[in-house]
Each structure stands twice: as structure tokens, then as C-alpha cells.
1. Residue farthest toward the positive end of the dipole of region A:19-103, with Cβ of Lys/Arg at +1 and Asp/Glu at -1: which of A:His66, A:Gly46, A:His95?
2. So how far, in whole Å, is the C-alpha centre of region A:106-173 from the one of region B:120-172?
3. Filter the trypsin sites (Lys or Arg not before Pro) in region B:162-196 to those in DSSP coil with at most 11 other Cβ atoms within 10 Å of their Cβ, and list the result.
4. For chain A, the longest stretch holding no GluC sites (Glu not before Pro) located in a DSSP loop with at most 15 other Cβ atoms within 10 Å is which?
5. Working from Cα positions, state the angle (0 to 90°, nearest 10) between the long axis of helix B:8-27 and the longest principal axis of chain B.
6. Structure shown: which of A:Lys15/A:Lys154; A:Lys15/B:Lys129; B:Lys129/B:Lys192; A:Lys55/B:Lys55; A:Lys123/B:Lys64 lie over 32 Å apart, alpha-carbon to alpha-carbon?
7. State, to one decimal in nm and shortest first, how far the label point of A:Ala122 sits from each corresponding label point in the other identical copies (label point: 7 angstrom along Cα-to-Cβ).
8. Divide by every residue of chain A the summed helix terms, -39500 (n - 2.57) for each DSSP H run of at least 4, and state the resulting mean residue ellipticity at 222 nm, rounded to the nearest 500 deg cm²/dmol.
2 protein chains.
Amino acid sequence: MARKTGSHSEITGPKIRAEAQRLFARHGFAAVSMRQIAAAVGVQAGALYLYTPDKEALLFDLLKSHMDDLIAAWRAEAPEGADALARLERFVRFHIRFNLERAEVVFLSYMELRNLSEENFAKIEGLRKTYETELEEILKAGQAEGVFLIPDTKLATMAIIAMLTGVNTWFREGGRLSRAMVADIYWDMVRKAVGA
Amino acid sequence: MARKTGSHSEITGPKIRAEAQRLFARHGFAAVSMRQIAAAVGVQAGALYLYTPDKEALLFDLLKSHMDDLIAAWRAEAPEGADALARLERFVRFHIRFNLERAEVVFLSYMELRNLSEENFAKIEGLRKTYETELEEILKAGQAEGVFLIPDTKLATMAIIAMLTGVNTWFREGGRLSRAMVADIYWDMVRKAVGA
């Protein structure tokens with residue numbers, strides 16, 4: 001079979017990322033070697049270093065791409081000009097859906113932060129803060145509109161995100177409730193929690 | 001200085017557990033060797049095996065003790081005969097306080113579950129379920145009393161526990177809010193979320 005056209009990095013990049021993500025999620029970052037990742041991709045370990053300087057850079061790349069995607073997807077979906085209640089509902093449904101669709105990298109984002117360099121950790125924390133601020137702005141707007149009754153918008157932001165991301169730890173496809181039903185129930189709880 | 005009286009296991013057991021917990025939390029279970037734990041305790045690696053059959057048994061021991069303590073502490077504190085609203089408030093304050101006081105082992109309980117054997121994992125999951133049921137019983141009682149308005153007590157249980165445990169990820173001693181203020185604010189959000 002003829003080799004496909006395209007640069008080396010175009011062909012192996014996504015595959016390296018996919019295999020690294022799968023292996024890190026399954027065994028933990030510390031327990032996975034560059035050699036194992038190379039074997040899973042079907043290249044020599046040396047070829048991996050053409051793509052990434054080291055294992056930490058690969059982890060950072062996965063977590064950063066995830067945060068970039070999350071923020072971009074939310075900004076594309078956020079209803080512009082809508083009132084705070086409508087924006088909060090959209091945020092709740094978006095967060096649950098986006099995270100369930102990317103359970104593996106969400107899991108890594110919580111589990112492997114400590115394996116980032118200090119500098120890369122700060123970058124991921126910055127992106128996380130950017131995302132949290134999107135929610136906090138909605139909560140502040142709702143307070144200003146007199147629609148929400150929240151004692152502390154910062155804490156409400158952290159509480160809502162923890163609650164929503166928690167769905168990933170127990171949700172099973174084909175279980176008692178569909179994703180849509182789960183989103184409905186969480187939206188009911190969040191709406192009440194912010195006093196709307 | 002004379003050696004203290006007491007059996008070998010009485011003296012080193014708590015120290016082994018403390019050092020293992022500290023090292024697992026700092027570096028991750030996979031990255032820590034029995035030799036490192038022994039060095040931190042100040043004994044030979046061989047001596048460690050008098051106390052525990054292997055590293056996984058040590059992890060299980062830490063996580064199981066934590067869950068046993070959590071359940072026992074809650075049952076000792078749960079206000080008997082009180083109405084659901086009072087019991088829920090007590091639960092919220094208890095959970096935040098207990099988890100903040102044991103941040104290291106709580107962190108391990110989330111991070112290192114995958115490193116347990118299937119059998120030990122099932123035991124920890126069973127204990128977690130027992131604890132969750134304590135909360136769900138309160139929510140069901142509140143529904144029966146007509147005080148709570150919850151679309152699904154199972155999901156509300158998961159949502160509340162995720163929200164409360166999330167405090168551990170951002171709370172810093174000496175920050176903007178004291179533990180008591182955080183507990184007050186979370187209680188306000190939980191109370192509203194359950195429609196009370």
C-alpha cells in the first residue's frame with residue numbers, strides 16, 4: 001500500500017496525542033514511558049522526539065488544547081445579548097455536554113496537573129481561571145439584574161463548576177437517565193442554588 | 001535515650017501510614033517506591049514488609065481508614081431526631097470541615113482509586129456509597145416532610161457531595177474567607193438548591 005501524502009507531523013501528531021491521552025488516562029502519567037507511547041503509535045521512540053521534546057510537553061499539549069477548545073466552544077455557544085438566566089442555563093448544559101464528550105482528557109486535567117512544570121501549570125491555571133470568569137460574569141450580571149440572589153459569586157462559580165464536572169465521575173451511558181435528563185435536573189438545581 | 005515501650009507495629013504503623021500518605025500525595029502512588037517510604041520512616045525496606053504485604057495494601061489501608069473515619073464521625077455528629085433541614089445543614093458543615101482537615105487523604109481518595117485492586121476498589125466504593133446514602137436519606141426525608149423540592153434525590157446527592165468536596169481544590173487558609181464563612185455560603189447554596 002502506498003504511503004499517504006502529507007508531512008510526517010500531520011500524520012503522526014494526532015495519533016501520538018490520542019495514544020498518549022489514552023495511556024495517561026489508563027495508567028497514570030508517571031507510569032507511562034515514551035517508549036510505550038511510541039509502541040502504541042507504531043513508531044520508534046526516537047520518532048516521538050521529533051514531535052515533542054518530552055513527556056511533560058505532551059501532557060501540557062493535551063491539557064492546553066483541551067482548555068483552549070473548552071473556552072472557544074463556550075464562546076461560540078454563549079448566547080450573546082441574552083439575559084443572565086438564559087446564559088446560565090446555556091452554560092450548565094454546555095459544561096455537562098462538553099465534559100461528558102471528553103471524559104478522558106477531563107480526567108487527565110484533574111489527575112495530572114501536578115506533573116506539569118511550574119510554568120505550564122500556571123498556564124493551565126490561567127486558562128481555567130479564564131473559563132471560570134466566563135461563568136462568574138454571568139452570575140454577576142444576574143445579580144445586577146436582580147434575578148439571582150448569591151452571597152458570593154466567586155464561591156458560587158467554584159461550587160457550580162465542581163457540581164457540573166462531578167457528573168463525569170458517575171454518569172454511565174445507558175444508565176437510568178439520559179444526558180438530556182441529567183442536564184435538566186442539574187439546571188433545576190443550579191437555578192435554585194443561585195436563587196432564580 | 002531509652003527506647004520507648006510498645007510493640008514494633010504500634011510504634012511504626014502510624015508513622016508508616018503518615019509517610020506513605022505524604023509521599024503518595026506529593027509524588028503520586030505510581031512514582032513512590034516501598035524503599036522511599038522506608039527511608040522516610042527511617043527503617044529498612046524489609047521492615048516495611050513486616051507491616052504491610054505491599055504498596056497497594058498500604059494505599060488501601062489509608063483510603064479505607066479515611067472512609068471508616070468519615071462515616072463514624074458523621075454518625076457521631078448527625079443530629080438524631082432532628083428534621084431534614086437541620087440534618088442537611090449539619091451534613092454540609094460536617095463534610096466541608098472534615099474534608100478540609102484531611103485534605104491529603106481526600107486528594108488520594110480521588111487520585112489513586114485506579115491503583116487499587118478490583119476487590120479493594122469495590123470495598124472503597126461500597127463505603128463511599130454508604131456515606132452517600134446517609135445524605136440521600138436526609139434528602140428523601142426532606143421530600144417526605146414536604147420541605148425539599150428535589151427532582152432526583154440520587155443526583156442531588158452526587159451534586160451536593162461534588163460541590164462540597166470541591167472546596168478542597170481552592171480553599172486556602174488565610175485567604176479572603178474563613179472556613180466558617182465558606183460553610184455559611186455553601187449552606188446557603190445547598191439549601192436553595194434543594195428548594196428549601
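1. A:Gly46
2. So the two Cα centres are separated by 20 Å.
3. Details: sites: B:Arg172, B:Arg176, B:Arg179, B:Arg191, B:Lys192; in loops: B:Arg172, B:Arg176.
Answer in residue order: B:Arg172, B:Arg176.
4. Numbers: sites that count: A:Glu80, A:Glu173.
After excluding every exposed loop site, the longest remaining stretch is A:81-172.
5. 70 degrees
6. Working: A:Lys15/A:Lys154 39 Å; A:Lys15/B:Lys129 38 Å; B:Lys129/B:Lys192 24 Å; A:Lys55/B:Lys55 25 Å; A:Lys123/B:Lys64 35 Å.
Flagged as over cut-off: A:Lys15/A:Lys154; A:Lys15/B:Lys129; A:Lys123/B:Lys64.
7. Here the equivalent label points are 4.8 nm apart from this one.
8. Numbers: 10 runs with 145 residues, N = 196.
Counting only the DSSP helices, I get -24000 deg cm²/dmol.
Read-outs throughout are calculated quantities, based only on the coordinates presented, and are distinct from any laboratory measurement. These numbers come from a predicted model, not from an experiment. As a convention, Cβ positions derive from the backbone with ideal geometry for all residues, glycine included, and neighbour counts pool all protein chains shown.
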